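The values are calculated or read from the model by the stated rules, or taken from the named source; none is laboratory data. Bear in mind that the values here come from a model prediction, so they are computed numbers and not experimental data. For neighbour counting, all protein chains shown are included, and Cβ atoms are generated from backbone atoms with ideal geometry for every residue, glycine included.
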Amino acid sequence: MPARLTPEVAEQRARAKGWVPAVPYPGAEVPWPGHCATCGAAGAPKYGNFCSPKSTQGPCRPCSGSQKRTETEARTIMRQRGLTPLVPYPGTNAPWESECGNCGGITSPTLSSIRKAIRQGQPKCCDVCRRNGPVTAAAAEDLLRRAGAEPLAAFPGIKKPWRARCLNCHRDITPSLDSIKHAGTGACRYCGGYGISADDNALVYLTTHQNLGAAKIGIAKVGSRRLLQHRAHGWTVVTTVKLPGRHARAVEHAVLTAWKDLALPYGVRPADMPQSGFTETVSLEDYTLDQVQRDLAQALASVPKVPTARRP
C-alpha cells in the first residue's frame, strides 16, 4: 500500500510542477491557491488534476493555453498568425472561419492550433500557404501554363478558382493553383492533355542555356513536345532519365527543394521563357553545372531502381 500523502510531499511535488502554493496543502480535490513559477499568474488548481501520476495537465492555465479567452484576445492571436476572423469567436477548439492575409484564401483553423503554430515559429500564413510556400503572381502563371492552361484573369489566390483556357482542348476552365500543384494531373479536367499522372512514362531532364547562363530541371511525358519547345528557345538538353510519373515528380521536387533551401534566385526572367518553366531554373553564375548535376544525382539516388542518366 502506498504511503499516505503528507502536506510536505504534496508541496514538494507541486513546486516541482511549477506551482508555488500560497497556503498549506488543502487536499487533492480542493482548489489550492498560489501562483505559477513561470509566468507569475495567480490561480487555484486542484492537486489531483496536475500532480496525479497519470496527469499531463499543468497547474497554470495561461502557460498551458487552456484558459478561456475573450474574443478580443482571440482575434489578437489570430492577427499574429496573419489571419482575419470572418465570424464570431467559437471557442478554443472549434474551427474559426478566417481570411489569410497572405493568399486571400478562406481557412478554418482552431485557436489552439494557431497558438501552436506561433510557438513553433511558423510564418504568417494559413496552412495552404505553408504547404505551397510563398507564391507570386508571375510564378503562379508560370505553373498554370506548365500545367497546360492560359490564364484569363489575374491570379486570385492559391485556393480560389482561376479562370483559364486549356491549351489542349481550348475549353474555359477554373482550376485552383493548389489542385494543380498537388493533384499532378494537369489544369484541365476534361482532356488531361497536360500534366503527368503517377503511372505515366515520364522523363526527368536537365537543360542549360548558354546565352542566359542558366540551368533548368524539369519533367515531361515520354513522347511530349516539351523538350522540343525548350530546344526551339535555345536550351540544350544535358541529361534525361526515364521514370514513372510519381518518381519523376519526386526527383524534380527534391532538386527544387534543395535550391529553395539555399535561397538560390531563379536563373531567368519570365520573359526569357515564353514556353514557361522559369521557376525551375537557376543561374549558373550562382551555382555551377557540377553542383546542379550533383543535386540531380542525389535526388535520383533516393528513388528505387533508377535507370542510369543518359545524354540525349
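If you take the residues in the stretch 69-126 that are more than 15 Å from the chain's Cα centre (by Cα) and among the basic types (Lys, Arg), which one is farthest from Leu177 (Cα to Cα)?
Within the stretch 69-126, the match that is farthest from Leu177 (Cα to Cα) is Arg69.
Find the residue count for the stretch 86-103, including only residues that are part of a loop (DSSP other than H, G, I, E, B) and among the acidic types (Asp, Glu).
Of the residues in the stretch 86-103, the ones part of a loop (DSSP other than H, G, I, E, B) are 86-97, 101-103.
Subsequent filtering for residues that are among the acidic types (Asp, Glu) retains 97.
Count: 1.
Please find, within the stretch 99-151, the residue that is nearest to Ala271 (Cα to Cα) out of those that are polar (S, T, N, Q) and at pLDDT below 80. Let's see the steps before the verdict.
Taking the stretch 99-151 and keeping what is polar (S, T, N, Q), we get 102, 107-108, 110, 112-113, 120, 122, 132, 136.
Pick out the ones that are also at pLDDT below 80 and you get 102, 120, 122, 132, 136.
On the way: Asn102: 25, Gln120: 38, Gln122: 33, Asn132: 23, Thr136: 15 Å.
It comes out as Thr136.
Would it be correct to say that Pro53 is part of a loop (DSSP other than H, G, I, E, B), on the phi < 0 side of the Ramachandran plot, at pLDDT below 80 and assigned by TED's automatic domain parsing to the domain that holds Pro33? Spell out the reasoning first.
Numbers: part of a loop (DSSP other than H, G, I, E, B): yes; on the phi < 0 side of the Ramachandran plot: yes; at pLDDT below 80: yes; assigned by TED's automatic domain parsing to the domain that holds Pro33: yes.
When the stated conditions are applied, Pro53 passes them.
Between a residue in the stretch 268-279 that is in a helix (DSSP H, G or I) and any residue that is aromatic (Phe, Trp, Tyr), which pairs come within a Cβ distance under 6 Å, given they are 6 or more apart or on different chains?
That search, which allows pairs on different chains as well, returns Pro270/Phe278; Phe278/Tyr266.
Assess whether Gln80 counts as being modelled with pLDDT under 75, of a type outside the set (D, E, K, R) and outside the structural domain of Thr257 (by TED's automatic domain parsing).
On the way: modelled with pLDDT under 75: no; of a type outside the set (D, E, K, R): yes; outside the structural domain of Thr257 (by TED's automatic domain parsing): yes.
Considered against the rule, which asks whether it is modelled with pLDDT under 75, of a type outside the set (D, E, K, R) and outside the structural domain of Thr257 (by TED's automatic domain parsing), Gln80 comes out as no.
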